[in-house]
Every structure is written in C-alpha cells, then in structure tokens.
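Have a look at the structure below, then the notes.
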Amino acid sequence: MAYYYENTSHTFNEYLLVPGYSSADCIPANVSLKTPITKFSKGETPDIMMNIPMTSAIMQSVSDDKMAVALAKEGGISFIYGSQSVEDEAAMVARAKAYKAGFVPSDSNIAPDKTLQDILDLKEKTGHSTVAVTTDGTANGKLVGIVTSRDYRLSRMPLDTVVSEFMTPIEKIVWAPKTTTLSEANDIIWESKINSLPIIDDDGTLLYWVFRKDYSEHKANPNELLDSQKRYVVGAGVNTRDYAERIPALVEAGADILCIDSSEGYSEWQSRTIAWVREKYGDTVKIGAGNVVDRDGFMFLAEAGADFIKIGIGGGSICITRETKGIGRGQATAVIEVAAARDEYFKKTGIYVPICSDGGIVYDHHITLALAMGSDFVMLGRYFSRFDESPTNKVNVNGTYMKEYWGEGSSRARNWQRYDLGGAKKLSFEEGVDSYVPYAGSLKDNVTLSLSKVRSTMCNCGALTIPELQEKAKLTLVSSTSIVEGGAHDVVLKDKNISPMK
C-alpha cells in the first residue's frame, strides 16, 4: 500500500512571519546576510561563504559569464548553465574568472601596421577605448605602444593612417614589471594620473592590464565575492552523463563550485557522480546535488558527500513537471522537512550540509520565508532572467518590454541530461515551457531592493543573522481569506498614469 503523508503540502504564499521583539540595535544596516554554501564540520569555517543568500539557476536563459560577474559583484554566485558543449561552458567560466582579477588579460590588441579604421572596428567589437599595440597583434606579444581615444582625431586623420604613426610609443608609456603587486599597481595609477597600467615581462611581453575603474568598482561593491586571487567566485552546472569529461575542464577553467543539474536528485546517478569527484579530487572540488523534497532524499545525498543540497521539484515558474508527471511537493513543506533533516544530520555527524531552496519563490518576501524555514540560500531563475545581465533578448510585446525565459525541460533548451533516468539520449516529453517575463532593468538595483526588504523583515523578527532568524522566526499558516486581506482591498486604486485635473 502506498505511503500517505498526513499533512497537506504548502507553498510559501500560505505562510506569514509573526513579528518578534526588536532591540534598538536591530536595524537593517546591522543585518549580515553571510551564509555558507559548502559543508563544514562543527567548529570549522566553510571553505566558501557567500555575502548574500542568492544564487542564479543553472539555465540557458539565466546564467552565463555576464550574469556570473554581475551576481558575484553583489556577493552571490551564478551557476553557469551546463546544457552546452564542454568547451563552451569552460570558456564562459574562464571569461568570468578573468573579468576582474585585478590583473586583467588584454582582450583589445592590434599590430602596428594596421590602420585607424582597424582601431575603430576593434573598438566597436570590444567596446574598449584602450588598445594594446603588440608586434604580432596578440594579447601576449611584445608591447610597442598603446592607442587611446586621445591619440587620434577622426576629423583630421585619414582612416588608412597606420597605427605606428599615431600610437603612444612604449618609451612614453608608464608600465610596471611582472613582480608588481596589485596594491603597488594601484598606487602607480594614482600617482601617475593614468587610467590603465600595462604589466610587462622582462622581455617586453605584455602580461596584463590594471585599470583604475576596477579599483573604483571594488569600492562601489563592498559585498563582491572574490577568491584568494581577487577573482570573482563562479559556479558551474554539470550532469550525470559526461561528468568525467566536463568536470576536469571546468576545474581547469577556474570554477570554484559545481552543482549537479537534475530535476530529481534521489538517484544512483548522482551518488556515482559525487563518488567520482571524491575519488579524483577529494574535497578540493566542491559539488552540490539535488533536487530533493524530503528527509530521505537529503540523507541520501548528504551521505553521498554533497557539499550542498537543493530542494524543490515542480515549483519553478516555467516547470510543468507536476502537471506532466504528477511528482513534486509544495516548496514550503519540502524546505521545512529537509531543514529538519539537515539539523538531524548535523547533530548526528557534526557535519553541516547547507540547503538551498530552488523554485517556488514569486515575491521578495518568499526569500525571507525560505531562509526562516531553514534554507541557507535560495536559487532563482525567473527573478534573474528579467535583468539586463541575463543572456536572453529584450523584446517588445504589445508595447511592453519583456525578456525571453525558457525552462531547461522545454523543447527549446533540449536539456535531456537534466531529466536523465538512464534511458535513451533524447527529450521524450517536455517538462518546461517557453515564455516571457517583464523586463526589470539592472541586477544591482533589483537585488539591492530585494535584500533591503529581507533585512527589514529580519529586524521585525529580532534577527541580525540568518541563523538567528531561523532560531527566532515564528511562522503561521494563513487562510485564503487572510491572503486576500494581506493585499490592497475594498478600495479603488488610483491609476498612476492619470494626471490630476487642474
């Protein structure tokens, strides 16, 4: 006879937080959103901590290298999608890791025998106004000069003018040797009143650039998440089919943490993948697993050695797994049970395995509810897909700007590996849809607003940290009538587009 759960499965929208005592010190500015993303033993420090509890979903329409950089600037981690070739995913990881290392590889280079027209074409392609002139026109050729917008005037120079005739030659350039530290390089930039500083090897070979703007960006992003080499922390998705080929390439490219991308994680395929990682790399390579919705699934993946475990089946806005296959669970109920299992496992083994709520988050306050119910962080797809930094097109639909958004189980993504049950290599039926979401602007502005709401709500609960919120939070189920009561009701809302009559 089938097992029947006694309690009803609930979503985040069916819960509210009940305020607790707030001291005078409990103000949003004092709230810390730091949270672990990798497992750790009691009394030890996690190898990777995030500064905000947000990760972006392993999806074609959400997470590429541009998203990885943007989210790392705010303190979170993006998991670059794995439903692409090994080479393309590794290249995305490498680009994100190289984007800001303090010492940046040159990606705008030209040979001295090229022309002003070539400079303009290169500027249009890369968007960069500073161009390195090397003997062979490559990023690691011998530096002989640089060209900036100050070196030419289009109104007075023919487009066929040779670069060597108007570039600033190496003799007049401020440069630094390869032994220069980042701090020393920034000092040189400020003292010399320049915007960029080339780092050169003993034989004159160009190695890197250090830019003034990177120092300014660091000051403007105090929460940015960096590795030991001052590079952005980047995640990447993998599957249970080609992991033996994909994982080494991603590790070589610099990925800080991996995650198995699967609709259902309580399987032998995931334990095999984790076992392979542990046998080849030990604990030096971090890998999360999932998704699960109950205690049994969590315990299975925790004992398999996962660094973090994702929760959620069928709750995503573009996911139709519940409709198609009839499996899943209300996200709030799943998080509550898995959080209890996480605490049980920690008490028994002394190993804390972070959990991630993936899916089912519609409003900003759902993030706070997920954290209060026990999640260490959340993974968001629709939320991040709306921003400038997502890889999809911005389109005009009936006069409104939208962004394209599709599920990994849709025919557009054709990510059959995510739904792999060991059968044929094809997508037998869809478990996701192709859709649009309202365009919302920049990631930074939206994440700042969302997290200000999280901090404010935490203060209402008397909590200054996520663990404190989980300890002090009081949650109540609400009726359908209470949900209606919680919004604007029994009034006629003003149309914001109508100007008052004079």
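Determine which member of the set SER375, SER385 is among the hydroxyl-bearing types (Ser, Thr, Tyr), farther than 26 Å from CYS461 by Cβ and touching a residue at least 60 places away in the same chain (Cβ under 8 Å).
Among SER375, SER385, only SER385 is among the hydroxyl-bearing types (Ser, Thr, Tyr), farther than 26 Å from CYS461 by Cβ and touching a residue at least 60 places away in the same chain (Cβ under 8 Å).
Scan segment 67-105 for residues that are among the hydroxyl-bearing types (Ser, Thr, Tyr) and assigned to a helix (DSSP H, G or I) and report the count.
Matching residues across segment 67-105 total 1.
For segment 319-330, indicate whether the set of residues that are under 23 Å from the mean Cα position of the chain (by Cα), buried (at least 24 other Cβ atoms within 10 Å of the Cβ) and more than 20 Å from MET50 (Cα to Cα) is non-empty.
So far as segment 319-330 goes, yes, one or more of its residues are under 23 Å from the mean Cα position of the chain (by Cα), buried (at least 24 other Cβ atoms within 10 Å of the Cβ) and more than 20 Å from MET50 (Cα to Cα).
Looking at segment 448-494, which of its residues are in a loop (DSSP other than H, G, I, E, B), at pLDDT 95 or above and either of a type in the set (A, V, I, L, M) or in contact with a Ser or Thr (Cβ under 6 Å, 6 or more places away or on another chain) (or both)?
Result: GLY462, ALA463, LEU464, THR465, ALA473.
In the list GLU245, GLU264, which residue meets the criterion of being out of contact with any Pro (no Cβ under 6 Å at 6 or more places or on another chain), outside any loop (DSSP other than H, G, I, E, B) and open to solvent by 10 Å² or more (accessible area, probe 1.4 Å)?
GLU245
Only residues that are open to solvent by less than 60 Å² (accessible area, probe 1.4 Å), of a type outside the set (A, V, I, L, M, F, W, C) and either within 16 Å of ASN460 (Cα to Cα) or within 24 Å of the chain's Cα centre (by Cα) (or both): list them for segment 31-45, please.
SER32, THR35, PRO36, THR38, LYS39
Which residue is farthest from the chain's Cα centre (by Cα), if the candidates are limited to segment 183-219 and must be open to solvent by 80 Å² or more (accessible area, probe 1.4 Å) and not acidic (Asp, Glu)?
LYS193
Can you tell which of MET59, MET92, MET49, MET54 is under 26 Å from the mean Cα position of the chain (by Cα) and open to solvent by less than 10 Å² (accessible area, probe 1.4 Å)?
None of the other options fit; the residue is MET54.
Tell me which residues, restricted to segment 349-377, are surrounded by fewer than 24 Cβ atoms within 10 Å (Cβ to Cβ) and in a strand (DSSP E or B).
ILE351, TYR352
Among the numbered criteria (1) closer than 15 Å to ALA132 by Cα; (2) among the hydroxyl-bearing types (Ser, Thr, Tyr); (3) part of a helix (DSSP H, G or I), which one does TYR215 miss?
(1)
For ARG278, which of the numbered conditions (1) in contact with a helix residue (DSSP H, G or I) (Cβ under 6 Å, 6 or more places away or on another chain); (2) open to solvent by less than 60 Å² (accessible area, probe 1.4 Å); (3) over 30 Å from THR135 (Cα atoms) fails to hold?
Condition (1) is where ARG278 drops out.
May I ask you to list the residues in segment 10-30 that are crowded, with 18+ Cβ neighbours inside 10 Å and acidic (Asp, Glu)?
If the condition is that a residue be crowded, with 18+ Cβ neighbours inside 10 Å and acidic (Asp, Glu), then GLU14 is the only one that fits.
The values are calculated or read from the model by the stated rules, or taken from the named source; none is laboratory data. Source: prediction; values computed, not measured. Cβ sites come from the backbone with ideal geometry, for glycine too, and all protein chains shown count toward neighbours. What goes into the accessible areas is simple: the full protein's heavy atoms, side chains included, and nothing from ligands, DNA or RNA. Shrake-Rupley method; radii C 1.70, N 1.55, O 1.52, S 1.80 Å.
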